[in-house]
Amino acid sequence: MPCFPPLSIPLAAVSVGKPQQLGSPDAPNPLARKWVTAIRKTAVTEPLWLDALNLTGDGQANLKAHGGPDQALCVYPGTHYSYWSERMGQPLLPGSFGENLTLAGSCTEQDVSLGDVFQWGEARIQISQPRSPCFQLGLRWQLPLLPKWLQDSGFTGWYMRVLQPGRVSAQDTLELIERPYPEWTVARANSVKYELREDLALSAALAALPTLGHHWRQKMLGRTSGTLPLYDDANRLEGTSAG
């Protein structure tokens, strides 16, 4: 029997979207110029097939920074939306931050841990790493500071990998079935990456976590080896990188 508290998370929405061109090539505002992205998602209610990389109908534009087995699903707590609607001064619908799964209820980054395994319909999925907010969120909403706001708030959401493909739907809840590392909440991992980045022992401990996603592991190993600077957020938040 599981030795952790039961956790059943309902979904507010499941959203998918393929890469598309947004903006105009001759727009005077750089934020409004042409770019290709899959950040705009549409909520779907019918069952979908989830494979090792994507839900049916979903995709990524920049496969160097997004997608891959460790980022098959992007998840965001719906409980944060009231905060962002007030701060951004506009109503927001599920999927507004490019996530595939918008959670209903009060579950946040404080309540789930890296390595947590959930049953979702026929599929089995596992939390791999927090989401690192990137400049595309700023482009999407014409708010260049938005990625930094998410990072500073800790309201980042997270990514999940697929352990077992299967048919899933928005009506299926996420049922926690394994929790191997309860001490490594998504919130704590965010804290190590940002607020506690100078504590290299913590970075090394996070890098040693077997279930940590590849991008985050390389970031932590780069810190501890001295091959990456501790303060390297600018490109991701403002420009060309989403790492």
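Restricting to the stretch 73-107, give me the number of residues that are of a type in the set (A, V, I, L, M), touching a Pro at 6+ places or on another chain (Cβ under 8 Å) and either surrounded by 18 or more Cβ atoms within 10 Å (Cβ to Cβ) or under 18 Å from residue 17 (Cα atoms) (or both). Residues meeting the conditions: 1.
Being in contact with a Lys or Arg (Cβ under 8 Å, 6 or more places away or on another chain) and either over 18 Å from residue 150 (Cα atoms) or open to solvent by 30 Å² or more (accessible area, probe 1.4 Å) (or both) is the filter here; which residues of the stretch 30-51 pass it? Of everything in the stretch 30-51, those that are in contact with a Lys or Arg (Cβ under 8 Å, 6 or more places away or on another chain) and either over 18 Å from residue 150 (Cα atoms) or open to solvent by 30 Å² or more (accessible area, probe 1.4 Å) (or both) turn out to be 37, 38, 40, 47, 48, 49, 50. The criterion of being touching a residue at least 60 places away in the same chain (Cβ under 8 Å), closer than 30 Å to residue 218 by Cβ, surrounded by 16 or more Cβ atoms within 10 Å (Cβ to Cβ) and among the acidic types (Asp, Glu) holds for residue 70. The listed residues are 27, 13, and the only one of them that is free of Cβ contacts under 8 Å to residues at least 40 places away in the same chain and either open to solvent by less than 60 Å² (accessible area, probe 1.4 Å) or part of a strand (DSSP E or B) (or both) turns out to be 27.
Residue check: residue 188 meets all listed conditions (1) more than 18 Å from residue 115 (Cβ to Cβ); (2) touching a helix residue (DSSP H, G or I) at 6+ places or on another chain (Cβ under 9 Å); (3) of a type in the set (D, E, K, R) but one, namely (1). Scanning the stretch 127-184 for residues that are assigned to a helix (DSSP H, G or I) and open to solvent by 60 Å² or more (accessible area, probe 1.4 Å) yields 148, 152.
For the stretch 208-241, give me the residue count where each residue is assigned to a helix (DSSP H, G or I) and out of contact with any strand residue (DSSP E or B) (no Cβ under 8 Å at 6 or more places or on another chain). Give the steps one after another, and end with the answer.
To start, the set of residues in the stretch 208-241 that are assigned to a helix (DSSP H, G or I) comprises 214-225, 234-238.
From the residues that got through so far, the ones that are out of contact with any strand residue (DSSP E or B) (no Cβ under 8 Å at 6 or more places or on another chain) too are 214, 217-225, 234-238.
Here the count works out to 15.
Applying the selection to the stretch 192-212, what residues are open to solvent by less than 40 Å² (accessible area, probe 1.4 Å), within 26 Å of residue 148 (Cβ to Cβ) and of a type outside the set (A, V, I, L, M)? Listed by number, the residues that qualify are 193, 194, 197, 203.
The values are calculated or read from the model by the stated rules, or taken from the named source; none is laboratory data. Note that this is a predicted model, so its numbers are computed, not measured. Quick reminder, even Gly has a Cβ in these numbers, built from the backbone with ideal geometry, and neighbours come from all protein chains shown. Each accessible area value is taken on the protein alone, full model and side chains, heavy atoms only, with ligands, DNA and RNA left out. Shrake-Rupley method; radii C 1.70, N 1.55, O 1.52, S 1.80 Å.
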